[in-house]
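The values are calculated or read from the model by the stated rules, or taken from the named source; none is laboratory data. For clarity, every value in this text was computed on a predicted model and none was experimentally measured. Here Cβ is always computed from backbone atoms with ideal geometry, including for glycine, and neighbour counts include all displayed protein chains.
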Amino acid sequence: MQIGLLGKANVGKSTFFSAATETVVQSGNFPFTTIEPNVGVCYLKINCECTNLEKRCENDLCHDGIRFVPVKLIDVAGLVPGAHEGKGLGNQFLTDAMKADALIHVVDVSGSTDIQGQPVNVGTHDPLEDIKFVEEEFDLWFKEILDREWPKLVKEIDQKRAKITDGIARRFTGLGILESQVDQVLISMSLKTKKAQDWSDDDIMGFLKSLRKIAKPLLIAANKADLCDDLKIIEKISTNFKVIPSSAETELLLRKATKAELINYVPGDESFSGKDNVQLSEQQNNALHLAKNVMTKIQTTGVQQILNSIIFDVLDMIVVYPVEDETKLMNKQGQVLPDARLLKKGSTAKELAFTIHQDIGNGFLHAIDAKTKQRIGADHELKNNDIIKIVSTLSRG
């Protein structure tokens, strides 16, 4: 599971990455500060299932019943108009972004950066233009990929050497696009029964737009929301996208202050408090006062909410806890609820087995629902917060 972080220069993309992963990266108000993609680990914040047990699990990633689930975050190189033609770092950007399961587009919702990422007065640039141009760059890149192979594909289909679904899917090998996703779009647009040579340009473009939306779903991080005179622009964006206001700069400040043991703050909280017997400098007091103002305006910094939303709302994932001892809910080392796995809603017990290890999946016999103690089969559909033991003929290694 990996999430791509994208956006033009000077919108706070690298700041968002640093705040989310607590990884120091170079940032600046000019294009291509990020040349190679930065890769880090961010954490989802959930209520651990141990809160429903007799005692807490004491897992390193569980703090008093709040569980942090790791997810890979990729901060890809800066984007400029014309990326699909290779402008800027276009080809590299698009390739890196397409490796992700879903995308967070960090947008300067205050309108203080132009389309090239140069600073301008607050409110003088329309952030909707940034969202539109990113979508267009992906769509045009998809079109270039398909255009190169279209005549050959039409010939293969005509000669019955390929079917439209797998033929298109093979053209997008390496971008994480599934044959089932291609099939879903073909059916929804009634293109599966239409001869490929009869597809119009509108058919092709419409198909690619729909494929992109399904295969690479997008969430808008409306960054610098605290600088907006009002947040009506959020309502405009939300008509077509999942959008969450944020202030990555404030989140980064709060995480640094927490690490320095100056405040009590858990990512995603709506407030923070000072620690007892800690003397703050005037500069520190001023910074934290500004942070309180931001959180009063937009409730939270938005960063944790964005991370959780891209996984649970956009990708529709659930959390399942695999264990080796269904009675004590632990592994062989005695750790209670040792792991929290992210699975697509609708995943089966056997699919969980394969996420643990290929051998475990290959030797799958059955599973046990640790809550009900009932035996369940390979096709049993798992639910959020299930605790599952896998019984297999094969062990890892």
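Summary table
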item: Matching residues in the range 215-244 - criterion: being in contact with a Ser or Thr (Cβ under 9 Å, 6 or more places away or on another chain) and under 25 Å from Ala97 (Cα atoms); result: Leu219, Ile220, Ala221, Ala222, Asn223, Lys224, Ala225, Lys242, Ile244
item: So Thr173, is it of a type in the set (S, T, N, Q) and within 30 Å of Leu307 (Cα to Cα); result: yes
item: The one condition in (1) at pLDDT below 95; (2) under 29 Å from the mean Cα position of the chain (by Cα) that Lys275 fails to fulfil; result: (2)
item: Strands (runs of 3 or more DSSP E) lying entirely in the range 323-393 (those with 3 or more residues that are under 24 Å from Thr51 (Cα atoms)); result: 341-344, 364-369, 386-392
item: In the range 343-355, the residues that are touching a Ser or Thr at 6+ places or on another chain (Cβ under 9 Å) and closer than 23 Å to Cys62 by Cβ; result: Leu343, Ser347, Thr355
item: Answer residue from the range 38-56, given it is more than 20 Å from Leu103 (Cα to Cα) and modelled with pLDDT of 90 or more and is surrounded by the fewest Cβ atoms within 10 Å (Cβ to Cβ) among those; result: Asn52
item: Residue tally, condition at pLDDT below 95 and in a helix (DSSP H, G or I), over the range 295-305; result: 4
item: Failed item in (1) over 22 Å from Pro70 (Cα atoms); (2) of a type outside the set (D, E, K, R); (3) surrounded by fewer than 15 Cβ atoms within 10 Å (Cβ to Cβ); (4) more than 31 Å from the chain's Cα centre (by Cα), with Gln333 passing the rest; result: (1)
item: Residue in the range 63-79 that is part of a loop (DSSP other than H, G, I, E, B), surrounded by fewer than 17 Cβ atoms within 10 Å (Cβ to Cβ), at pLDDT 90 or above and not basic (Lys, Arg) present; result: yes
item: Residue count, the range 290-342 (criterion: assigned by TED's automatic domain parsing to the domain that holds Glu381, basic (Lys, Arg) and more than 14 Å from Met1 (Cα to Cα)); result: 2
item: Residue check, Ala162 farther than 17 Å from Lys213 by Cα and modelled with pLDDT of 90 or more; result: no
item: Matching residues in the range 212-224 - criterion: being at pLDDT below 95 and not in a strand (DSSP E or B); result: Arg212, Lys213, Ile214, Ala215, Lys216, Pro217
item: Qualifying residue in the range 158-179 (condition: under 30 Å from Gln116 (Cβ atoms) and assigned to a helix (DSSP H, G or I)); result: no
item: Phe312, sole failed condition from (1) crowded, with 19+ Cβ neighbours inside 10 Å; (2) in contact (Cβ under 8 Å) with a residue 60 or more places away in the chain; result: (1)
item: Some residue of the range 265-274 being β-branched (Val, Ile, Thr), surrounded by fewer than 16 Cβ atoms within 10 Å (Cβ to Cβ) and part of a helix (DSSP H, G or I); result: no
item: Pairs where the first residue, in the range 215-226, is more than 24 Å from Phe172 (Cβ to Cβ) and the second is assigned to a helix (DSSP H, G or I) and among the acidic types (Asp, Glu), C-beta under 9 Å, 6+ apart; result: Asn223/Glu249; Lys224/Glu249; Asp226/Glu249
item: Restricting the range 124-138 to residues that are of a type outside the set (Val, Ile, Thr) and modelled with pLDDT under 90, the residue that is nearest to Ala100 (Cα to Cα); result: Phe138
item: Subset of the range 95-118 (residues that are assigned to a strand (DSSP E or B) and more than 21 Å from Ala20 (Cα to Cα)); result: Thr113
item: The range 260-276: number of residues that are of a type in the set (A, V, I, L, M, F, W, C) and either touching a residue at least 40 places away in the same chain (Cβ under 8 Å) or touching an Asp or Glu at 6+ places or on another chain (Cβ under 7 Å) (or both); result: 1
item: Looking only at the range 243-259, and only at residues there that are small (Gly, Ala, Ser) and under 17 Å from Asn308 (Cβ atoms), the one that is surrounded by the most Cβ atoms within 10 Å (Cβ to Cβ); result: Ser246
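Conditions (1) touching a residue at least 40 places away in the same chain (Cβ under 8 Å); (2) within 18 Å of Lys13 (Cα to Cα), marked per residue:
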site: Asp114; (1), (2): no, yes
site: Lys132; (1), (2): no, yes
site: Glu136; (1), (2): no, no
site: Val154; (1), (2): yes, no
site: Ile157; (1), (2): no, no
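Conditions tested, residue by residue: (1) touching a Leu at 6+ places or on another chain (Cβ under 6 Å); (2) modelled with pLDDT under 95; (3) among the β-branched types (Val, Ile, Thr).
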| residue | (1), (2), (3) |
| --- | --- |
| Asp229 | no, yes, no |
| Ile237 | no, yes, yes |
| Ile244 | no, no, yes |
| Ser247 | no, no, no |
| Glu251 | no, no, no |
| Ile263 | no, no, yes |
| Asp269 | no, yes, no |
| Gln279 | no, yes, no |
